[in-house]
Amino acid sequence: MRDVFLSNCEKNFIQKIVSEGHVSKNENVYFYKVFVIYLIIFFFNIFQRLDGRNYNESRRLDISFGSEYGSCVVSLGETKVLAQVSCEVTQPKQIRPNEGILYINVEISPMAAPQFEANRQTDLTVYLNRLLEKCYKDSKCIDLESLCIVVEEKVWSLRVDIKILNHAGNLIECASIATLTSLAHFKRPDVTRSGDSVIIHTIAEKDPIPTVLYHYPVCVTFAIFGNDILLSDPSFTEESVCTSSTEEGINTAGGLLVIGMNQYKELCLLDLTGAALYNSNIVHKAIINAADRSKTIVDLVKKNIVSDDTSRQKRVKINFSDIITEDHLLSLSQKDLSIRLKTYNVDDMRTKHENMDEDEDIDVKPEPSKYDGNEVFFILLLAVARDFARVDYYLSILQELCIFPG
Amino acid sequence: MAEIYKLIHPVKYFNDYISRDIRPDGRKFHEQRNIKVNVNSLKTAEASAVVKCGNTTVVCGVQLELATPKAEEPELGFLVTNVELTPLCSSKYRPGPPSDNAQVQSYMLSDIFSNSKCIDLKDLCIVPDKLAWVVYCDIVCLDNDGSLVDACIIALMASLKTLSLPTVTYDPETEEIKVDPDVRTPLKVDGCPVATSFAVYKLTERNILLTDPSAYEEEMCGGLGAHFTVCLNKGLICGNHKFGGSHLLMENQEEVLKIAKERANLVVKVIDSCIKNEKSIDK
Amino acid sequence: MGAEEKDLRDFKLQPMKCELNFLSKSDGSAILSQGDTVALVSVNGPLDIKSTSQSIEKSTLEILFCSKGGKPSVADRYKENVIRQTCEKAVLGCLYPRTGITITIQELEDFGGFLSCALNCACLALLNSGVSLRHVFACVTCGVDEKGEVVLGGRGCDTQISCVFDSIDKTLITCFSEGTYSEGTYLEAVARCRAASELVFAFYRDVVSKYSNAI
């Protein structure tokens with residue numbers, strides 16, 4: 001499926017919202033100390049962006065871990081990314097015989113959004129891959145020398161697989177948090193060298209070793225509107241509006257600014273896409289914002305890893321099934337799916353092979369139908385009222401479930 | 001006339017045959033095609049076999065190589081099977097990297113083979129953690145006319161039963177390897193898995209089972225992998241595969257297992273007698 | 001009944017947990033956990049695809065299986081094929097000619113029986129997407145333990161038999177297995193799975209009824 005483009009009308013609308021929010025923001029500074037007016041403006045200001053966020057507000061960040069070391073799902077609002085670190089023993093590169101290898105691979109499948117095709121590299125994939133490599137490989141945050149087992153012969157190679165599950169804007173920030181979390185969470189098996197041979201211990205034999213990270217860099221994204229407005233954590237529409245140029249737009253210059261920064265407020269990556277900036281103050285402003293943001297992100301990542309570690313030590317089972325919310329309207333969990341069947345043994349079976357057919361008196365309790373006719377009809381009526389186009393869908397579901405005969 | 005009819009009404013054409021209790025190629029529902037096996041037909045391979053089931057023709061060649069075992073499994077050797085479906089065997093395939101179908105067939109073959117446990121990979125290890133045999137079994141399909149897995153398994157087993165490994169001496173001090181190709185020990189093969197395919201065709205009232213379907217019949221019954229394949233090794237089932245296609249009823253399944261058993265015995269006899277003949281000619 | 005009652009034993013399917021519409025950008029999506037195994041499936045479609053893979057009779061199913069880490073393997077192609085054949089039977093493709101339906105499966109946790117979990121999850125995602133279906137399907141796995149008993153779920157067993165049934169006649173659509181077993185075991189396992197598939201269908205029904213009641 002081809003990409004769906006934003007119409008000029010939509011673009012102008014978004015830009016108008018953003019720029020108008022900006023006007024009241026200035027007033028906000030002006031009347032800052034007058035409490036009552038501040039309150040009024042606060043209520044006016046509350047919708048600075050289409051989704052109701054402030055300029056500086058990010059979406060909710062959630063990190064959950066899988067059962068293995070180094071696997072996590074990071075969600076930033078609706079954007080979801082899965083990261084998995086795996087390791088294997090390989091030969092080192094000839095120019096760096098005493099260093100391990102770090103390999104980052106980003107994959108965007110049709111799961112992320114329908115416009116992506118399976119097994120095909122897009123510009124976005126290459127761009128993301130390169131940014132993450134810059135941020136984690138070139139900033140030398142990982143102690144690659146500690147990954148060496150035998151110089152010139154055997155080193156650990158770490159492979160980070162990033163899978164984009166849902167693309168709802170700000171992939172870069174989400175993917176970089178996922179990479180950082182999975183690398184910091186990952187533990188590789190211990191090895192012992194005896195003479196020439198190298199023994200790799202399983203996790204049960206010897207405690208695995210965590211990866212050494214010198215610092216925790218993270219990429220923070222800002223959308224720039226009209227050369228003077230900074231939006232942190234842009235959503236999908238905001239991203240596409242700020243990088244596209246409108247002919248008769250209100251303010252044309254804009255772009256995406258990616259800042260990679262660690263918890264010590266040291267810059268390790270700057271990347272700008274979109275139109276040129278004619279005001280360097282905005283970069284300065286963005287860097288100050290990014291410093292705060294990266295500090296909070298790294299703190300959250302560290303806190304999550306520590307709490308995960310303590311629960312693992314208490315032998316609590318950690319599994320991705322925890323990310324399924326149970327009280328949601330569209331979710332269901334059932335613990336006791338039990339059925340009564342005859343006990344059966346293969347050895348018994350061989351002797352009485354002939355009377356096999358009678359053996360299968362399975363006792364399934366008949367499920368009382370939860371709907372009577374009226375109720376079904378009522379649901380259908382409601383469905384018609386709500387969403388006319390989907391009537392045949394509801395009908396088909398009901399028919400399939402044999403609730404609604406005919 | 002019949003050809004035109006087949007083109008215009010493919011489903012009705014097939015339906016007309018089946019409703020008259022006969023298949024388009026003149027076979028009865030449970031009649032299988034003739035099996036022809038020839039072993040040691042390729043002189044460049046360590047062991048080989050050519051198998052023909054009706055029109056389906058496959059060639060299997062076995063190559064040997066020495067390698068160091070994996071660090072995680074130092075006591076096991078390797079046996080690698082691969083199925084190649086070239087444009088030669090059917091107009092459906094294009095040249096280039098292996099198609100999805102070829103990968104699925106390869107996986108099914110190695111799955112059935114490893115499940116049957118007819119070869120102990122420990123037998124292929126010479127010195128643990130140092131030296132082991134790698135047995136490459138390359139199967140090339142020359143003509144694909146249905147029931148490909150059946151033919152592939154026969155070809156694989158026939159060639160492995162004739163395979164003998166040269167003696168290898170390994171000096172742990174100097175790490176020197178000596179291979180003596182004149183003194184050979186035959187590879188231990190425990191049992192012989194045999195696969196039998198059944199296509200399921202849905203006729204208005206009942207489901208019809210067609211033993212050993214041809215490519216045309218497979219297509220009419222749901223395509224790729226929609227037929228039911230049963231593999232038996234020494235009376236035990238070592239793989240049941242059926243993906244989609246028409247439904248299979250319980251009573252059909254018992255019938256299927258009975259036929260598969262008969263055919264398994266027959267195929268084992270065919271392979272054994274073929275190998276015996278080959279040996280007597282050699283002498 | 002007395003003597004027979006003794007022979008009956010309670011079997012438990014692994015606890016199931018699911019959430020529909022897990023992903024906002026897909027037309028339909030579902031995440032399902034069966035025991036510790038977790039799968040995530042998204043369905044997009046029907047949408048236009050390139051003309052070479054279009055079919056004038058029915059919609060083309062494109063299945064993509066993503067393992068958790070590492071490169072794609074031959075085993076992934078096999079799993080894709082199993083899921084494609086099963087879904088092709090269930091989806092009423094003739095309603096959407098010249099279009100494509102993309103089903104993407106992401107492995108999240110695999111503690112055995114992943115393919116069976118992925119199949120059930122794909123069915124839930126298809127229900128969620130609103131694509132017309134001929135029937136729903138349920139996959140149940142049976143294992144044979146050391147004592148030779150057929151157990152449902154079959155976690156940790158070397159021999160596993162998985163069966164997929166449709167919701168109308170409860171007939172076998174798909175079947176795949178691991179390990180070796182006897183003929184009797186096979187027939188017993190299929191019967192077991194068929195009985196247990198009722199529970200999965202009841203689960204589907206509860207999921208759908210939960211939100212359709214609220215609408």
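The values are calculated or read from the model by the stated rules, or taken from the named source; none is laboratory data. What you see is a predicted model; the values in this text were computed from it and never measured. Here the Cβ positions follow ideal geometry from the backbone for every residue, glycine too, while neighbour counts run over all protein chains shown.
Scanning segment B:228-265 for residues that are surrounded by fewer than 17 Cβ atoms within 10 Å (Cβ to Cβ) and free of Cβ contacts under 8 Å to residues at least 40 places away in the same chain turns up B:G235, B:M250, B:E251, B:E254, B:K258, B:E262, B:N265. Check B:S48, B:S106 and return the single one that is at pLDDT 90 or above, under 20 Å from B:F198 (Cα atoms) and not in a loop (DSSP other than H, G, I, E, B). The unique qualifying residue is B:S106.
Looking at C:C175, is it in contact (Cβ under 8 Å) with a residue 60 or more places away in the chain, under 26 Å from C:S59 (Cβ atoms) and buried (at least 23 other Cβ atoms within 10 Å of the Cβ)? No: the conditions fail for C:C175. The set of residues in segment B:13-33 being free of Cβ contacts under 8 Å to residues at least 12 places away in the same chain and of a type in the set (D, E, K, R) consists of B:D16, B:R20, B:D21, B:R27, B:K28.
Annotation note: of B:E218, B:E205, B:E254, the sole residue that is more than 9 Å from chain C (Cβ to nearest Cβ) and assigned to a helix (DSSP H, G or I) is B:E218. Count of segment A:136-155 residues, restricted to those that are out of contact with any Asp or Glu (no Cβ under 8 Å at 6 or more places or on another chain) and not in a helix (DSSP H, G or I), is 13. I want to confirm something. Restricting to segment C:143-157 and keeping residues that are in contact with a Gly (Cβ under 6 Å, 6 or more places away or on another chain), at negative phi and not in a strand (DSSP E or B), which single residue is surrounded by the most Cβ atoms within 10 Å (Cβ to Cβ)? Selected residue: C:C157.
Tallying residues that are more than 30 Å from B:S164 (Cα to Cα) and surrounded by 11 or more Cβ atoms within 10 Å (Cβ to Cβ) within segment B:176-208 yields 9. Looking only at segment C:26-49, residues that are at the interface with another protein chain (Cβ under 7 Å from one of its Cβ atoms) and either more than 19 Å from A:A118 (Cα to Cα) or at pLDDT below 90 (or both) come to 6 in all.
On the stretch given as segment C:57-91, residues that are surrounded by fewer than 18 Cβ atoms within 10 Å (Cβ to Cβ) and away from chain B (no Cβ under 14 Å) total 1. The conditions of being within 14 Å of the chain's Cα centre (by Cα) and without any contact (Cβ under 8 Å) to a residue 40 or more places away in the chain are met by B:K36. Of the residues A:I200, A:I172, A:I224, A:I209, only one is out of contact with any Phe, Trp or Tyr (no Cβ under 8 Å at 6 or more places or on another chain), modelled with pLDDT under 85 and of a type outside the set (S, T, Y); which? Answer to the check: A:I200.
Hey, does segment B:70-78 have a residue that's within 14 Å of chain A (Cβ to nearest Cβ), surrounded by fewer than 22 Cβ atoms within 10 Å (Cβ to Cβ) and of a type in the set (G, A, S)? Among the residues of segment B:70-78, at least one is within 14 Å of chain A (Cβ to nearest Cβ), surrounded by fewer than 22 Cβ atoms within 10 Å (Cβ to Cβ) and of a type in the set (G, A, S), which makes the answer yes.
Residues in segment C:178-197 that are touching a residue at least 24 places away in the same chain (Cβ under 8 Å), within 7 Å of chain A (Cβ to nearest Cβ) and surrounded by fewer than 22 Cβ atoms within 10 Å (Cβ to Cβ): none.
Residues being under 20 Å from C:V82 (Cα atoms), within 14 Å of chain B (Cβ to nearest Cβ) and either modelled with pLDDT of 90 or more or part of a strand (DSSP E or B) (or both) are represented in segment C:109-117 by at least one member. Within segment C:1-25, restricting attention to residues that are at pLDDT 85 or above and outside any strand (DSSP E or B), the residue that is farthest from C:F65 (Cα to Cα) is C:P15. Regarding B:K117, is this residue in contact with a Ser or Thr (Cβ under 9 Å, 6 or more places away or on another chain), in contact (Cβ under 8 Å) with a residue 60 or more places away in the chain and either surrounded by fewer than 20 Cβ atoms within 10 Å (Cβ to Cβ) or of a type in the set (K, R) (or both)? Yes. Restricting the first member to segment A:261-286 and to residues that are under 22 Å from A:V298 (Cα atoms), and the second to residues that are among the aromatic types (F, W, Y), the beta-carbon pairs closer than 6 Å and six or more apart or on different chains are A:N262/A:Y216; A:Q263/A:Y216; A:A286/A:F222.
Scanning segment A:164-211 for residues that are out of contact with any Pro (no Cβ under 8 Å at 6 or more places or on another chain), surrounded by fewer than 17 Cβ atoms within 10 Å (Cβ to Cβ) and either within 14 Å of chain C (Cβ to nearest Cβ) or assigned to a loop (DSSP other than H, G, I, E, B) (or both) yields A:G195, A:D196, A:A204, A:E205, A:D207. The number of residues in segment C:164-215 being under 14 Å from the mean Cα position of the chain (by Cα) and in a helix (DSSP H, G or I) comes to 10. Within segment A:91-126, if we keep just the residues that are over 30 Å from C:A125 (Cα atoms) and surrounded by fewer than 16 Cβ atoms within 10 Å (Cβ to Cβ), the residue that is nearest to the other protein chains (Cβ to nearest Cβ) turns out to be A:Y103. No other residue among C:A125, C:A118 is more than 16 Å from C:E178 (Cβ to Cβ), of a type outside the set (K, R), under 16 Å from the mean Cα position of the chain (by Cα) and crowded, with 18+ Cβ neighbours inside 10 Å apart from C:A125.
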